[in-house]
Amino acid sequence: MRESRAAQDTRRARDFEAFVAGAGGRLLHAATLLTAEAADANPRARRLLTLALAHTYACWDRLHGEDPYNRAREYLATRFAHGAWYRYGALPLGRARPHPATAPLARLTPQERLVLVLRLYEGVAEEQVAALLGLPTERVRTVCDRAMATLLHPPRGPAPAVRRAKASAS
């Protein structure tokens, strides 16, 4: 016998709530890394997560065995990429970034953050990231390497000024 519509809706809501309880924190952390906001003040990341979860809930019945976390993560990434494109222009050229003290990935461009979060934090294969972003695999590898180099070897500050007092005292 078929399940009633109300019972289906109740089961769907219960399943989705369980999914959000299990995956919501990790998705929020990924969104916070993408937006380079502070962990305690992240309105853009929370909006991004809300949109990804709403999209996942809307297509919940059509997943048919597909991993809902994967669907939410893909939507989160593509939504961030489109938003960064709209806000900053082309992703590789978008240089408007938060202050580096607010988030660990703030020195990176939006594209570098996106590739780094997908590759290293989420563990997505290069080929999948390339397909998701519409880039060649070599480009994804290059962007990831450049982002890691930026994080591991931050640019040096200006050279210390030579004190004139010491120079004139000699």
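Every number here is computed from the coordinates shown, using simple stated rules; none is lab data. This structure is a prediction, so every number in the text was calculated from the model and none was measured. Backbone-built Cβ (ideal geometry, glycine too); neighbour counts: all protein chains shown.
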*Highest-first arrangement of 132-144, 41-53, where packing means the average Cβ count within 10 Å*: 41-53, 132-144
*Report the GluC sites (Glu not before Pro) located in the stretch 19-80 that are in a DSSP loop and have at most 11 other Cβ atoms inside 10 Å of their Cβ, or state none.*
Glu66
